[in-house]
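J.: One structure is given below, represented as structure tokens, and several questions about it will come after.
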Amino acid sequence: MRVLVTGGAGYIGSHTVVSLIEAGHEPVVVDNLSNALRSVLARIAEVAGVTPEFHQVDVRDREAMAGIASSGIDACIHFAALKAVDESIRKPLEYYDNNVRGTIDLLAVLSAAGVRNLVFSSSATVYGDPTELPLREEMPTGRATNPYGWTKIMMEQVLTDLQAAEPEWSITMLRYFNPVGAHPSGLLGEDPRGIPNNLMPYVTRVAAGILPRLRVFGGDYPTRDGTGVRDFVHVQDVAEGHVAALERLSGEPGLHVYNLGTGRGHTVLEVVKTFEEATGKPVPYEIVGRRPGDVAESWADVSKAERELGWRATRDLATMCVDAWRWQENVR
Ligand code: NAD
Ligand code: UDP
């Protein structure tokens, strides 16, 4: 399949482009490089043996996107979005414009070009504060605690309404839990600017001596050790989940929703301990107050993806830590 990949130079996008090439597909990468480097394309080529077609274009540029969409595209995977929770609180209009308008613009262009197969990057954040665990796809989506989360809820609504109005669409919403890790080659990974917000990039920077210690947000949650529980999933497993969804569901009209996680929760302190054991690097930490907006626990029921997509995560937490650390050592 010739697959348009928006945001394909980003963290999850670049790993998915590699998985697409490895599965024999032809990715066409569109990225405005607002949060990625052009050099990622050469790194993809080094890993996968093929330099993907690349267009430095914003998904809101309908004219440029129309030209690309009419070049024999069979399906689209839509990653392009802004994703920093803190920044979204400070710049809500930018987030709604980029994420929600960007998605509407993309859908209009795809529709006009006759492309009716879409895989969309959603997030476990749409479930809000869970009342029951593990989280299942049919559970109601909740209230977001920040504009980023609202953009995901809104985009899911836009996609749901479009699929209801135009039932020939195959729309797959993949709700990622906590993607971490990096490509085992050490060539692809996540390199957030400034001080990271997310746990794993923060841990690798502490281990590298760039940051003095991890601040563990909250030691008084009702969990086994008092720290938050998340379903960490290797980014390569997430990438492979997109290929599975694309291959199973392209040309299958409907609205398809899947969790992508491991089905297992780990506490923040378990991540620290596993990282230390797997890499031999100490990660000093202190327990501080809770971070506003955080939920105590979140993990996925992954049985639907296993049953219907034939996909399941195969890499464990130690592998996620080792791969994240290898990447950190390479970018240093
Ligand atoms: P990322 O920032 O690394 O990748 C997003 C890419 O999209 C970047 O390369 C950026 O330059 C590009 N982009 C942004 N706006 C664009 C626009 N208007 N036009 C063209 N390109 C644009 O982020 P990621 O972690 O790879 O996330 C990919 C997707 O997965 C996002 O939609 C994100 O919200 C979603 N998601 C990520 C996580 C996570 O933990 N990383 C969790 C759940 C959902
Ligand atoms: N966390 C932490 N210190 C940090 C970053 C995150 O203790 O510097 C915790 C956070 O409170 C949550 C877990 O690690 O319990 C995962 O946070 P992350 O931001 O990576 O993902 P989220 O699930 O919030 O999207």
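The values are calculated or read from the model by the stated rules, or taken from the named source; none is laboratory data. Because the structure is a prediction, the values reported are computed rather than measured. Because the Cβ atoms are built from the backbone with ideal geometry, glycine has one as well, and the counts that use them run over all protein chains shown. When the accessible area is computed, the model is the full protein with side chains, heavy atoms only, and any ligands, DNA or RNA have been set aside. Shrake-Rupley method; radii C 1.70, N 1.55, O 1.52, S 1.80 Å.
J.: Does GLU247 qualify as being away from ligand 2 (no atom under 16 Å from the Cβ), surrounded by fewer than 18 Cβ atoms within 10 Å (Cβ to Cβ), assigned to a helix (DSSP H, G or I) and not polar (S, T, N, Q)?
T.: Judged against the criteria, GLU247 is a match.
Here is a yes/no grid of residues against (1) in a loop (DSSP other than H, G, I, E, B); (2) within 12 Å of ligand 2 (Cβ to nearest atom); (3) in contact with a strand residue (DSSP E or B) (Cβ under 9 Å, 6 or more places away or on another chain):
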position	(1), (2), (3)
TRP150	no, no, no
MET155	no, no, yes
LEU162	no, no, yes
PRO184	yes, no, no
GLY189	yes, no, no
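J.: Further, regarding this structure: Please go through (1) of a type in the set (Val, Ile, Thr); (2) part of a loop (DSSP other than H, G, I, E, B); (3) open to solvent by less than 50 Å² (accessible area, probe 1.4 Å) for VAL271 and return the number of the only condition it doesn't satisfy.
T.: Just one mismatch for VAL271, condition (2).
J.: Next up: Could you say which residue among ASP129, ASP161 is touching a residue at least 60 places away in the same chain (Cβ under 8 Å), over 14 Å from VAL257 (Cβ atoms) and surrounded by fewer than 16 Cβ atoms within 10 Å (Cβ to Cβ)?
T.: Selected residue: ASP129, the only one of ASP129, ASP161 that is touching a residue at least 60 places away in the same chain (Cβ under 8 Å), over 14 Å from VAL257 (Cβ atoms) and surrounded by fewer than 16 Cβ atoms within 10 Å (Cβ to Cβ).
J.: Contact list please: Cβ distance under 6 Å, first residue in region 75-90 and assigned to a helix (DSSP H, G or I), second residue open to solvent by less than 50 Å² (accessible area, probe 1.4 Å), pairs at least six apart or on different chains.
T.: If the second residue must be open to solvent by less than 50 Å² (accessible area, probe 1.4 Å), the pairs left are VAL85/ASN146; VAL85/TYR148; SER88/TYR95; SER88/ASN146; SER88/PRO147; SER88/TYR148; ILE89/ASN146.
J.: Filter region 97-126 down to residues that are open to solvent by 60 Å² or more (accessible area, probe 1.4 Å) and among the aliphatic types (A, V, I, L, M) and give me whichever is nearest to SER14 (Cα to Cα).
T.: ILE104
J.: Exactly one of these conditions fails for ASP105: (1) modelled with pLDDT of 95 or more; (2) within 24 Å of VAL235 (Cβ to Cβ); (3) within 11 Å of ligand 1 (Cβ to nearest atom); (4) not small (Gly, Ala, Ser). Give me its number.
T.: It fails just one condition, (2).
J.: Restricting attention to region 202-215, does a residue exist that is surrounded by fewer than 19 Cβ atoms within 10 Å (Cβ to Cβ), farther than 30 Å from GLY310 by Cβ and among the β-branched types (Val, Ile, Thr)?
T.: Yes: one or more hits.
J.: Going through GLU53, GLU46, GLU63 one at a time, which residue ends up being open to solvent by 60 Å² or more (accessible area, probe 1.4 Å), within 23 Å of GLU247 (Cβ to Cβ) and over 20 Å from the mean Cα position of the chain (by Cα)?
T.: Of GLU53, GLU46, GLU63, the one residue that is open to solvent by 60 Å² or more (accessible area, probe 1.4 Å), within 23 Å of GLU247 (Cβ to Cβ) and over 20 Å from the mean Cα position of the chain (by Cα) is GLU53.
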